[in-house]
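Structure record follows, encoded as structure tokens.
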Amino acid sequence: MFAAENGLKGDPRLQAISDAIRVVPHFPKQGIMFQDITTLLLDHKAFQHTIDIFVDRYRDMDISVIAGVEARGFMFGPSIALAIGAKFVPLRKPKKLPGEVIAEAYELEYGTDCLEMLVGAIPPGERVIVIDDLVATGGTLSAAIRLLERVGAEVVECACVVGLREVKGQRRLNGKPLYILVEPREIDGCC
Amino acid sequence: MMQRALIFSCSNPIYSQFSTTTAPPDYAVFPKRDGGWISPSSSHQLPVYRLRDYRRTFPPLLNSAIDSVANQPKMASQDEQDPRISKISSAIRVIPNFPKPGIMFQDITTLLLDTKAFRDTIDLFVERYRGKDISVVAGIEARGFIFGPPIALAIGAKFVPMRKPNKLPGEVISEEYSLEYGTDKMEMHVGAVQAGERALIIDDLIATGGTLCAAIRLLERVGVHVVECACVIELPELKGRERLGDKPLFVLVSST
């Protein structure tokens, strides 16, 4: 569900966040209009709004873990975790995490990739929010949900800054609620 | 006295030496003080760290402060070690033989699971850099992305990710740097920073300093003044500090 439909209709912060996201056409390949959140990180106010909205939502939901998907989930997750008193758990590409890990494969357009998490990072029953910058097909987030559920964690919601067309109208992913701040920008060029 | 942990860079195959005569404290994987050293080339086996035991080797998680403003700690003393440092140090886990035999890997992911220690880590950097007219926090992929943004937000600065090749969309500038074998490249967005801005570079750890030097060069090429490099952990034997030359380095935990 989009934030604007869920209590934040008309909130000027959402417009500021949307305006701060840059569209880069034809990256990483022809036809893809890439939603670049790095410009959001350059806009201190808009970046703060982004974190504030997630913190306001999750502060009283008894969340003990924020799981962030490498690498752009790392840019948002820790600030939220710190503000709500939760742990931050990175979900990483293969072979980055030391020690014992569990892995979950997922489909790409061509081939597969894998997400890994530290074994023992999350005791069973803990309430988790998964965060990434953007959701497109939901493949990566679905793998994250499966990974967390395999260790007995309770995935309360998936949170993203941007949600693409494919998820519009979808309130759930793998049965889990999806919370998205903004839709993709249509126009080319920098904000 | 600073807490010391027996850790070496994952990018340099320096063999560890550790004491087998002292029982490890229950919050650490390996003994924290200099003791009798034996070389791993002897017949003695390196203890294998079992991840499933990690929760027993660390103190229970504390309920952490939620409102960072209300719970802002006072400025730490310059002369003696801040009491928060020892908790931060003991929250960092050492993994032997990762990514390859002989390397004692410094793992900050356990620090991120200790809400109070993670909060303290960020606070220590924020206390140092707030009010110093720093407008840019540059974080090195990927663990610099974990520490950089909370610091940037707290001090009112931009966060600029310094990334591996081909990750950043749009126009980038890149800087090549040496690895132990071969080279790698670091990229930054064109236009992310302006000439004359004052910047901080953050990463979880400094080993040889190669990555940090590449980041310094990237920022200086576009006229940014790099005020300081900041890391959670330093491995002083790898002389990264010297490699940074006249650039100051601030670290929380220094490990030998």
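Per residue, the range A:61-182 exposes an accessible area of 34 Å² to a 1.4 Å probe, with every protein chain left in place.
Put simply, chains B and A cover up around 3400 Å² of each other's accessible surface, both sides summed, when a 1.4 Å probe is used. Here the accessible area of the range B:119-234 is 46 percent carbon and sulfur, with a 1.4 angstrom probe and all protein chains present. Here the range A:61-182 has 51 percent of its accessible surface on carbon and sulfur atoms, given a 1.4 Å probe and all protein chains in place. Per-residue ellipticity at 222 nm computed for chain A from its helices equals -8500 deg cm²/dmol, with DSSP H segments shorter than 4 residues left out and the rest contributing -39,500 (n - 2.57).
Charge dipole (Cα centre; +1 on Lys/Arg Cβ, -1 on Asp/Glu Cβ; no other charges) of chain A amounts to roughly 80 debye. For the range A:63-111, a reduction of at least 50 Å² in accessible area between the chain on its own and the assembled protein chains (probe 1.4 Å) is found at A:Phe74, A:Met75, A:Leu82, A:Lys87, A:Phe88, A:Pro98, A:Glu100.
Across the range A:61-182, the relative contact order, built from alpha-carbon pairs under 8 Å that are at least six residues apart, equals 23 percent. The shape of the range A:98-166 comes out oblate: with a ≥ b ≥ c from the C-alpha gyration tensor, a/c is at least 1.5 while a/b does not beat b/c. Per the Cα gyration tensor, the range A:61-182 maps to an equivalent ellipsoid with semi-axes of 20, 18, 13 Å, ordered largest to smallest. In summary, no helical segment of chain A meets the span-like criteria, namely a full DSSP H run, a Cα extent along the axis of 30 angstrom or more and a mean Kyte-Doolittle hydropathy of at least -1.0.
The values are calculated or read from the model by the stated rules, or taken from the named source; none is laboratory data. In this text the structure is predicted, and so the values were computed from the model without any measurement. Glycine also receives a Cβ, built like all others from the backbone with ideal geometry; neighbour counts cover every protein chain displayed. For accessibility, only protein heavy atoms count, side chains too; no ligands or nucleic acids. Shrake-Rupley method; radii C 1.70, N 1.55, O 1.52, S 1.80 Å.
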